[in-house]
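K.L.:
For reference, the structure I am asking about is given below.
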Amino acid sequence: MPASRSRTERWKESLWRIYERGGGLEFTIDHGDSNNETHKDLIWRVRVLNISETEIIVEQPGSMGMPFQINDETPLIGIISVGQNKWMFHTKVLGHTSIRSRNGDSPALRIEMPRKVERCLRRDFDRISTAKISMPKVDCWKLLDPHSAVPFEVANQSLVADLLDSGQTAESFNDQATLPEVGPMFQAMLSNVGGGGVGLIVDKENRASIDAGQVFWLRMDLRPTVPTPLVLTARLAHTHIDSQQNTYAGLAFDFGLNPEHKGFVVGQIARYIMSMQAVNKKAA
């Protein structure tokens, strides 16, 4: 039996090992066959807290201490990653619960145990035969002077509020005058949102750009829910090279110079996830 087929048929063993070592899974809203190209998928990464024959218990998704509300019965696409291998599956939220820990009761989600999983091909790591994930693009710059970013973060927050009030969406945002002191731009894909930051996939052509700095200016396009791209400062935490020689970069949000920006950024991400559940209801 080929090794890849063997691993796929023993996916529950992989899931159990992830649980035993305190690892995590990734999830996004499953919008089925809606073919809605205006919304990109936002993936969140959560730790596995318990598993049974029928359920996977995972921590409540969120960021910087702010939870993301995921409704009961919401259909999901789950992602299992082990080394360079990735599997996807369809599931749904069965309900909410809590897990007791040393710090008290922690909110958690009850996820339906999938009946089967499907291995993603390395050249198509974001799709299987029954599902495709379309991740948002992120414009990135090495941030030369973190203090210079603060006025632009404040301006971005005001612009988002004004556009939401007027019901408009920004069309163009490539004016160099709207940037702090940065280096050359490079693009990445938003792989996932975690408890304190984001994971980016940087193609091999731009590997030197992500390796060249520690503090970055990010511009995430979550239109139309967030009517203009969201900007923020983040620090490089870790990197590794995937099977396609692209770089996975984990970045931690940095609100040290502008603490008020934290609630705004995380709130917009939470609102985007809620909007995807609304899109799913319309499609159904």
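Read-outs: derived from the displayed coordinates by stated rules, not from any lab. None of the values given here were measured: they were computed from a predicted structure. Here Cβ is always computed from backbone atoms with ideal geometry, including for glycine, and neighbour counts include all displayed protein chains.
K.L.:
Shape verdict for the stretch 70-147, please, from the Cα gyration tensor: rounded (a/c under 1.5), prolate (a/b greater than b/c) or oblate.
P.N.:
Here the stretch 70-147 falls in the oblate category.
K.L.:
Ordered by residue, what ³J(HN,Hα) values in Hz, to whole numbers, does the stretch 94-99 give under the Karplus form 6.51 cos²θ - 1.76 cosθ + 1.60, where θ = phi - 60° and Gly and Pro are x?
P.N.:
In residue order, the calculated couplings are 7, x, 10, 8, 9, 10 Hz.
K.L.:
Tell me, what does the Kirkwood hydrodynamic radius of the stretch 3-132 come to in angstroms if you use every pair of distinct C-alpha atoms?
P.N.:
For the stretch 3-132, inverting the mean 1/r across all distinct Cα pairs yields 15.4 Å.
K.L.:
For Lys142, give me every one of the aspartates and glutamates with a C-alpha distance below 12 angstrom, ignoring sequence neighbours fewer than eight places off in its own chain.
P.N.:
Glu181, Asp211
K.L.:
HN-Hα J couplings of the stretch 71-84 from phi, Karplus 6.51/-1.76/1.60, θ = phi - 60°, integer Hz, Gly and Pro as x?
P.N.:
Along the stretch 71-84, the couplings run 6, 4, 6, 5, x, 10, 10, x, 10, 10, 10, 9, x, 8 Hz.
K.L.:
Taking H placed 1.01 Å from N in the peptide plane, check which residues at least 5 places from Ala170 or on another chain put their amide H under 5 Å from its amide H.
P.N.:
Close amide H contacts, sequence-distant or interchain: Thr228.
K.L.:
With springs only between Cα atoms under 10 Å, which of Gly32, Gly213, Gly167 fluctuates most in a Gaussian network model of the chain?
P.N.:
Gly167
K.L.:
While we're on this one: Could you tell me which helices of the chain pass both thresholds, a Cα extent of 20 Å or more along their own axis and a mean Kyte-Doolittle hydropathy of at least 0.0, with helices taken as whole DSSP H runs?
P.N.:
Sorted by number, the helices that extend far enough and score high enough are 150-166.
K.L.:
List, in the order given, every pair from Lys12/Lys92; Lys132/Lys262; Lys12/Lys86; Lys86/Lys137 whose Cα-Cα distance in the structure shown is over 19 Å.
P.N.:
Lys132/Lys262; Lys86/Lys137
K.L.:
List the residues, sorted by chain then number, that are 5 or more residues from Asn192 or on another chain and whose placed amide H is less than 5 Å from its amide H.
P.N.:
Those lying under 5 Å, H to H, from Asn192 are Gly199.
K.L.:
Using only DSSP helix segments of four residues or longer, with each worth -39500 (n - 2.57), what per-residue ellipticity at 222 nm results for the chain after dividing by its residue count and rounding to 500?
P.N.:
Using -39500 (n - 2.57) per qualifying helix, the result is -7000 deg cm²/dmol.
K.L.:
Still on this structure, please answer the following. In straight Cα distance, which aspartates and glutamates are under 14 Å from Lys204, not counting same-chain residues fewer than 8 positions off?
P.N.:
Of all the aspartates and glutamates, those that pass the test against Lys204 - Cα under 14 Å, at least 8 places apart if same chain - are Asp242.
K.L.:
Okay, moving on. For the stretch 138-224, which GluC sites (Glu not before Pro) are both in a DSSP coil and crowded by at most 11 other Cβ atoms within 10 Å?
P.N.:
Sites meeting the loop and neighbour criteria: Glu171.
K.L.:
For a quick check: with amide H placed at 1.01 Å from N, whose amide H comes under 5 Å from Gly24's, ignoring anything fewer than 5 positions away on the same chain?
P.N.:
Val48
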